[in-house]
Amino acid sequence: MQLITSLGLNNSEYFSKDRFISYYHQLRLISSLGNNVQNILEIGIFNSLLTDLLKRNGYNVTTADVDPNVKPELVLDLTTDFVLPKDKFDAIVLFQVLEHLPYEQSEQALKKLAQATNKFLVISLPYNTQYLTVQIKSSLFLEKPKYLLFKVPQFWSRNSISNQHYWEIGLKGYPKKRILNSVANAGLTVKQEFIDPVNPYHYFLVLEKTANNN
């Protein structure tokens, strides 16, 4: 796995409009888990923006990353036989992370994270589609814009949008059904799934630990 600090990104390049849309939904989905979620492990931090947002909203956040240069509290390589403390984290969150691992390793990481969390995993994954989004917005009769999203997974292609990704949902060999089967095999159920029509490349899943995975 290539370290993110080795890619030469700066904040002006990284902070696109779509990225901010994703941050909004990350915070929104975590907040939707309720007041019983207080202690969060965030994996994959880079610029720590989500960390700061969560802390400003009263969460206790522990940061983890494979790259020591971003100064995480835990240096964590998801491709290893890692161990996390049990009964510490009400939710573990990782956004656009698992696709940076070969698929079989991402499955194993998901199983270990499911065992480590007290209750929830909140993740996002890249969803590679051909899509058309239509926005309907009017000052006369709509308080909020409405969207129509038409999308077709690129099941005929193996080409990821990012060359840092081993796989993306929708590409040949990685249908959405396969990913959801991996989620179930990890001992997790889908509590909520979400795609923003403005940025359908990010597919969000709120996952809950099953009773037999304790």
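We did not get these values from a lab; they are worked out from the coordinates using the rules stated. Given the structure is predicted, the values throughout are model-derived calculations rather than measurements. Here Cβ is always computed from backbone atoms with ideal geometry, including for glycine, and neighbour counts include all displayed protein chains.
Values as computed for the structure displayed
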item: The chain: most fluctuating residue of ILE21, ILE92, ILE169 per GNM, C-alpha cutoff 10 Å; result: ILE21
item: LYS191 long-range amide H proximity, modeled H, under 5 Å; result: VAL206, LEU207, GLU208
item: Share antiparallel - DSSP beta bridges, the chain, percent rounded to 5; result: 60 percent
item: Contact order normalised by residue count of region 4-213, Cα under 8 Å, 6+ apart, percent; result: 18 percent
item: Per-residue ³J(HN,Hα) for region 18-30, Karplus 6.51 cos²θ - 1.76 cosθ + 1.60, θ = phi - 60°, Hz, x for Gly and Pro; result: 4, 5, 5, 4, 5, 4, 4, 6, 4, 5, 4, 5, 5
item: Per residue convex hull volume, Cα atoms of the chain, in Å³; result: 139 Å³
item: Listed residues THR117, THR63, THR133, most fluctuating in the chain (Gaussian network, C-alpha, under 10 Å); result: THR133
item: C-alpha center-to-center spacing [region 164-197, region 80-130] in angstrom; result: 12 Å
item: By average C-beta atoms within 10 angstrom, highest first, the peptides 77-88, 118-129; result: 118-129, 77-88
item: Environment charge at GLY170 (Cβ cut-off 13 Å; Lys +1, Arg +1, Asp -1, Glu -1); result: +4
item: Positive dipole terminus of region 4-213, leading residue within GLY44, GLN154, LEU132 (C-beta point charges); result: LEU132
item: Cβ charges +1 (Lys, Arg) and -1 (Asp, Glu), total dipole of the chain, debye; result: 660 debye
item: Table column - 3J(HN,Hα) (Hz), region 73-85, Karplus curve with 6.51, -1.76, 1.60, x for Gly and Pro; result: 6, 10, 8, 10, 9, 6, 7, 9, 7, 6, 10, 10, x
